[in-house]
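The structure under discussion appears below in the form of structure tokens.
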Amino acid sequence: MAVKNRDRFSTTTRIKLLGEQTAARVYRSQTRRQARRSRLTGRAALLAMVFCTLIVALAYPIRQYVSQRAEIADLEREKQQARQRVEQLRDLKARWQDDAYAEQQIRQRLHYVMPGETGFIVIDPAAVKQSHAGRGAADRPWYTNVWDGVDKSDASDQ
């Protein structure tokens, strides 16, 4: 009977022991995983902290670098525009050194005529009516007419 009792209890005991061993293995593996996770989490936190520190440390110099590159690009663009303007002014200077061009500009802008020529100025009738709306231009001194012309041209620029 001792053998029968032993077999009967041994199966039950074995199942119990097997369950306890399995539970212990599962518990151990979970503990190991948690330990690994906590180690990786600590390493990850350290790595993240180092990464954030690098970003913060490099943010200002990178921003300065980018803004300086933009400023350099603006200055180079201004330099190119200045070169173009200098080239235009050199061309204009060369044209003014030509006597024929200078004579043409003087005739056109200042209404000069050569000796023996008769100069004509065509006046727009609508402009004459506007200037005679108040006092006549002939009734005023010449310097008043000149000053009015300056005022009108200044107003047209704005």
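No value in this document is a laboratory result; all are computed from the given coordinates. Keep in mind that what you see is a predicted model, and the values were worked out from it rather than measured. All Cβ positions, even for glycine, are placed from backbone atoms using ideal geometry, and neighbour counts span all protein chains on display.
Quick rundown of the values:
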{"quantity": "GluC sites (Glu not before Pro) restricted to segment 44-124 and DSSP loop, no more than 12 other C-beta within 10 Å", "calculated": "E117"}
{"quantity": "Kirkwood Rh and Cα Rg combined as Rg/Rh, segment 37-116", "calculated": "1.69"}
{"quantity": "Label-point separation, N145 to V113 (7 Å along Cα→Cβ), nm", "calculated": "1.7 nm"}
{"quantity": "Rough spin-label spacing in nm, given labels placed 7 Å along Cα→Cβ, for T53 and V26", "calculated": "4.3 nm"}
{"quantity": "Calculated FRET efficiency for the pair A70/W96, C-beta based, R₀ 35 Å, to 0.05", "calculated": "0.35"}
